[in-house]
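Heads up, the thing below is written out as structure tokens.
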Amino acid sequence: MTLQGSLAPAPGWLRRVPGWLANVANAMLGPIEPAAERQQIFRRAFIALVIIAMLPIQQLRIPGWPGVMAACGVALVYDIPLGYLVYVKRRYFLVRVVGLISDALLLMGASFYVFSEMGAGGAESDIWLVFLVYIVTGGFTLAPAGSLLYTALWTTWFALATFLFYEPDSHYRDEVWLRLVFLALMGLISLLMAGELQKRRARVEQQNRQTMGMLARLVEARDTDAGAHLHRIQYFSRALALHTGLSQREAQEIGQAALMHDVGKANVPDAILKKTAPLTPEEWRVMQEHTVWGDRLLTENQDFESARLVARWHHEHWDGRGYPDGLAGEEIPLAARIVAVADVYDALISKRSYKNAWPEEKAIAELRQMAGSHLDPALVESFVLLWEWGVIGRIAAEIQDDDGGGETPAIEAA
């Protein structure tokens with residue numbers, strides 16, 4: 001997906017650069033799967049340790065093997081901060097990009113050193129099979145465009161190393177064309193597998209969106225105030241995510257997660273959920289539990305990771321006084337902070353059984369008052385800019401209660 005045109009003056013090319021780069025990365029990498037990124041941390045460490053344990057064995061040594069050992073040690077070192085980003089910060093996209101680039105550079109450097117040592121010693125080992133395994137196991141996990149680039153890169157790398165380090169009359173160099181054709185064919189298989197995998201992922205994503213929609217409608221059926229509110233904050237959140245520099249894919253994911261932010265209210269009794277009088281302390285405690293219930297419900301499916309983060313933490317406050325866990329500042333996931341701004345604004349401008357709708361200007365003033373205490377101040381500033389440019393107002397005006405909001409011009413531009 002690519003960034004759409006804005007309804008307002010561009011916030012500056014610097015603000016859009018991260019989103020553009022993320023779009024390119026998404027086109028190359030395909031969907032990011034949290035479970036796969038968590039497994040990759042252990043897989044990288046396991047492979048590195050196995051190589052370190054095996055290469056010192058005399059019969060398994062290859063020319064340049066100390067360079068391979070050193071590369072494995074480096075991989076173990078940077079696997080630690082990548083593990084922190086995955087398991088603590090949940091920065092799956094960042095880890096996928098950094099991990100893929102780091103692994104490629106490290107393996108290219110090590111393999112280049114191995115080829116130079118092999119060429120210097122006249123060795124004609126079939127170490128090139130390592131390249132074949134790497135292409136087949138690595139390329140098909142990417143999007144088709146990334147798989148094609150990946151195959152071309154490694155095939156070129158293999159050819160370059162062969163021509164640089166082997167003499168023209170060597171047997172190894174004479175067979176390079178046959179081996180390049182073989183590698184290219186394996187790359188083609190990888191490309192076809194990547195295409196099929198992308199189709200399957202697209203079907204799964206469509207099914208997940210349908211599931212999210214059904215769960216959102218479940219909330220609407222229980223809470224008569226939730227209908228248009230859910231769809232407004234979906235597109236408010238998407239617009240805000242794009243404005244902060246996230247890619248279209250990430251913004252779309254956050255928008256879908258916003259639909260699910262109150263899914264835990266399905267467990268709140270009607271007597272509490274629809275009560276017009278102030279809640280008692282015990283009733284308020286039960287109401288707050290909807291964040292935990294939403295987390296538990298969405299934990300069952302790893303594809304709902306962003307929705308789970310939003311469901312649990314959209315009531316956390318920037319100053320740490322929110323619930324359920326008292327997170328503060330950037331401890332709160334970005335998706336939850338974005339949805340919180342959209343949720344608060346829409347709650348203020350919406351009519352409820354216990355209050356009248358606020359004018360937009362008054363709601364914006366209240367957001368500004370809450371910046372730095374309840375809400376992320378930078379996100380509030382971005383939301384206010386979108387409101388001043390008219391993006392927020394046009395989205396709200398074009399969402400119809402009867403269809404939940406279609407992809408109208410303002411919504412699509414957001």
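With Y323, Y345 as the choices, which residue is at pLDDT 90 or above, under 19 Å from Q234 (Cβ atoms), over 21 Å from the mean Cα position of the chain (by Cα) and not assigned by TED's automatic domain parsing to the domain that holds Y92? Please lay out each step first, then the result.
On the way: Y323 fails: under 19 Å from Q234 (Cβ atoms).
Among Y323, Y345, only Y345 is at pLDDT 90 or above, under 19 Å from Q234 (Cβ atoms), over 21 Å from the mean Cα position of the chain (by Cα) and not assigned by TED's automatic domain parsing to the domain that holds Y92.
Give the residue, chosen from Q206, Q234, that is at pLDDT 80 or above and not charged (D, E, K, R). Let's see the steps before the verdict.
Working: Q206 fails: at pLDDT 80 or above.
Residue meeting the stated conditions: Q234.
May I ask you to say which residue of F131, F93 is at pLDDT below 85 and within 27 Å of the chain's Cα centre (by Cα)?
Details: F131 fails: within 27 Å of the chain's Cα centre (by Cα).
When all the criteria are applied, what remains is F93.
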Checked E117, E124 against criteria (within 19 Å of A70 (Cβ to Cβ) and charged (D, E, K, R)); the one match is E117
Number of positions in the stretch 252-292 that are out of contact with any helix residue (DSSP H, G or I) (no Cβ under 8 Å at 6 or more places or on another chain) and within 23 Å of A335 (Cα to Cα) = 1
Residue list for the stretch 349-377, filter: free of Cβ contacts under 8 Å to residues at least 60 places away in the same chain, within 25 Å of K274 (Cα to Cα) and touching a His at 6+ places or on another chain (Cβ under 9 Å) = H374
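Looking for whichever is under 24 Å from L273 (Cα atoms), modelled with pLDDT of 90 or more and out of contact with any Asp or Glu (no Cβ under 7 Å at 6 or more places or on another chain) here; the options are V380, V384, V391, V339. Which one fits? Please lay out each step first, then the result.
Working: V380 fails: under 24 Å from L273 (Cα atoms); V384 fails: under 24 Å from L273 (Cα atoms); V391 fails: under 24 Å from L273 (Cα atoms).
Answer to the selection: V339.
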When restricted to K351, K362, the only residue surrounded by fewer than 19 Cβ atoms within 10 Å (Cβ to Cβ) and closer than 23 Å to L259 by Cα is K351
Can you name the residue in the stretch 155-183 that is aromatic (F, W, Y) and more than 20 Å from P63 (Cα to Cα) and is also surrounded by the most Cβ atoms within 10 Å (Cβ to Cβ) among such residues?
-> F182
Qualifying position, being over 17 Å from A251 (Cβ atoms), touching a Ser or Thr at 6+ places or on another chain (Cβ under 7 Å) and of a type outside the set (S, T, N, Q), among A311, A347 | A311
Test for L7: is it crowded, with 18+ Cβ neighbours inside 10 Å and at pLDDT below 90 | yes
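What are the residues in the stretch 274-292 that are surrounded by fewer than 20 Cβ atoms within 10 Å (Cβ to Cβ) and either part of a helix (DSSP H, G or I) or outside the structural domain of R238 (by TED's automatic domain parsing) (or both), if any?
Looking only at the stretch 274-292, we keep the residues that are surrounded by fewer than 20 Cβ atoms within 10 Å (Cβ to Cβ), and these are 274-289, 292.
Matches in the stretch 274-292: P281, E282, E283, W284, R285, V286, M287, Q288, V292.
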The lone condition L327 fails out of (1) under 29 Å from V24 (Cα atoms); (2) in a loop (DSSP other than H, G, I, E, B) is (1)
Just wondering, is there one or more residues in the stretch 178-200 that are among the aromatic types (F, W, Y) and either modelled with pLDDT under 75 or within 30 Å of W387 (Cα to Cα) (or both)?
-> no
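How many residues are assigned to a helix (DSSP H, G or I) and more than 25 Å from the chain's Cα centre (by Cα) when one looks only at the stretch 348-384? Outline the logic, then answer.
Initially, the stretch 348-384 is screened for residues assigned to a helix (DSSP H, G or I), giving 348-349, 360-370, 377-384.
Filter once more, keeping what is more than 25 Å from the chain's Cα centre (by Cα): 348-349, 360-370, 384.
Selection size over the stretch 348-384: 14.
The values are calculated or read from the model by the stated rules, or taken from the named source; none is laboratory data. These figures come from a predicted structure and were not determined experimentally. Positions of Cβ are backbone-derived with ideal geometry, glycine not excepted, and every protein chain shown enters the neighbour counts.
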